[in-house]
Every structure is written in C-alpha cells, then in structure tokens.
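What follows is a set of notes on a single structure, which appears directly below.
The values are calculated or read from the model by the stated rules, or taken from the named source; none is laboratory data. As the structure is a prediction and not an experimental result, all values here were calculated from the model. Positions of Cβ are backbone-derived with ideal geometry, glycine not excepted, and every protein chain shown enters the neighbour counts. What goes into the accessible areas is simple: the full protein's heavy atoms, side chains included, and nothing from ligands, DNA or RNA. Shrake-Rupley method; radii C 1.70, N 1.55, O 1.52, S 1.80 Å.
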Amino acid sequence: MIVAVVVPCLDEEAAIEGVVGEILAQQVDEVIVVDNGSTDKTAERARAAGARVAYQPERGYGRACATGLSAVRPDADIVCFMDGDGSDVPDYLPAVVGPVAAGEADFVMGSRLRGRREPGSMTLQQIVAGWLAGVLLRSAYRVRFTDMSPFRAMRLDRLRSLGMTEETYGWNLEMQMRVAAAGLRVQEVPVDHRCRRGGVSKVSGNLIAGFQAGWKIASTFVRLLVSQRNVAAR
C-alpha cells in the first residue's frame, strides 16, 4: 500500500521541519505540506526536511486539506492527515494507517481522548467539541466517536468519492458525517497528543475562537444533515 500524508500548515516554521522528519521516519511514501498562506518560512523548512509543498493562498483548513488531497500522487492507496504544529505524534501512524492497509476499515481516526495527553495539549474547548461531535454523530448515525481529531487515515478512492465541500474548520466533522452516512467501516484508535512544538494556535489557544469553532461544528452538523436527508428524500 502506498501511503501519503497531508499536513495543512499556517505559520508553523518552528515545528514543521521536525514534524516532516518524524513522519518520514515512519516509512510513508510521501509527505505533502500545504502552505495555507504562511508569512514565515514554513514552506522552505518543510521542503528542506523532505516534504513536497503545495500552496493554497486562500486561508481555510478545509481548503488546505482539499488542496493536499488534490496533490496526492495518483498511485497512492491511503491518505493520512496530521497537523503541522507537532501536537500529533507520528509514531502512531502505523496504528492509524494499519487497519485501512489491512482491509479492516475504510476510515480510521486517532482519538486523543483515549490516548495519553501532555498537560495543556488540549483545551476544554477542544475536549467539549470532540464530545459534542460524538454525541451528534451517535444520535444521527449510530456511530461512536470520542474525538474530532485531525489525525486520520482513509482509502484515497473512498475519500474522493465522498464529495467533500467544507472549506474551513468543518472539514473534519463533514468527513466523519459523510463516512457514517455512506455506511463505511470505521475504527477509532487511541493516540497520544503533545503540546504544540512552536507557533500560536489558530483556535484552541483563544477562548472566543474556540467558541466560534464550537458554533461552526454545531451549525455545520445541522446544515450537512439537512442536506443529506434532502438528497436521500429525492
């Protein structure tokens, strides 16, 4: 199985070189860092560490992920997503990718809440957001998730068939919703989580931004659920 890892980034020059190095040490086939309009040396340091760099100047987490997905080599079988701030632990790539590679799952997500977390690595807003997403997904689709972690893996062809549309922080939730609605095989595995290795959090370190992200999760869920049910009705 050919595995590609997509790392969306915005101003992560302090961490990205180490992140790319740790990912490549897991023997993946390619690392794509998506520079989402950085004003620092994120792209240069990612390239120097051995990543292929794609550019998405219009900011938005979902846009960056979609750009990375489009850039994945055509013969890839599995695509994995990780954050570029060093908080995700690449040593867990085999645990996240393994069930997909073995044909046991179509989608695997690493749960930070089920693993070990460094003190301060997740804020209350992040924990509540993962809990809220889990409750909503369980009530609508009867699937169990404990987190909405960015650390996830999926068969490339399956992901491209989902019809992803979210351009900002609703991307992760949309993926979980579409996977559940499609009846795909899902697994959740424990992963450890670290404090970021540099830079400034775009959401979790700011209380107002955290609540805005929570509102985005809830509104995205309702909007996508209504859309899915309207399509099913037609």
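Could we say that residue 12 is in contact with a Lys or Arg (Cβ under 9 Å, 6 or more places away or on another chain), open to solvent by 30 Å² or more (accessible area, probe 1.4 Å) and over 22 Å from residue 159 (Cβ atoms) here? Here the answer is no, as residue 12 does not meet what is asked.
Conditions tested, residue by residue: (1) buried (at least 17 other Cβ atoms within 10 Å of the Cβ); (2) within 29 Å of residue 15 (Cα to Cα); (3) at pLDDT 95 or above.
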position	(1), (2), (3)
159	yes, yes, yes
165	no, yes, no
172	yes, yes, no
175	yes, yes, yes
179	yes, no, yes
191	yes, yes, yes
201	no, yes, no
212	no, yes, no
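Close contacts from region 87-115, counting a first residue that is free of Cβ contacts under 8 Å to residues at least 12 places away in the same chain and at positive phi and a second that is small (Gly, Ala, Ser) and open to solvent by 10 Å² or more (accessible area, probe 1.4 Å), with Cβ to Cβ under 6 Å and a gap of 6+ residues or different chains, come to none at all.
Exactly one residue out of 64, 46, 14, 54 is free of Cβ contacts under 8 Å to residues at least 40 places away in the same chain and within 17 Å of residue 199 (Cβ to Cβ): that is 46. Flag: residue 35 matches the condition of being at pLDDT 95 or above and out of contact with any Gly (no Cβ under 7 Å at 6 or more places or on another chain).
In the set 111, 139, only one residue is touching a Pro at 6+ places or on another chain (Cβ under 8 Å) and hydroxyl-bearing (Ser, Thr, Tyr); that residue is 111. Taking (1) open to solvent by less than 40 Å² (accessible area, probe 1.4 Å); (2) outside any loop (DSSP other than H, G, I, E, B); (3) at pLDDT 80 or above; (4) not hydroxyl-bearing (Ser, Thr, Tyr) in turn, residue 226 satisfies each apart from (1). If only residues of region 1-16 that are part of a strand (DSSP E or B) and under 11 Å from residue 85 (Cα atoms) are counted, the one that is farthest from the chain's Cα centre (by Cα) is 9.
In region 214-222 there is at least one residue that is at pLDDT below 80, open to solvent by less than 60 Å² (accessible area, probe 1.4 Å) and within 30 Å of residue 14 (Cα to Cα).
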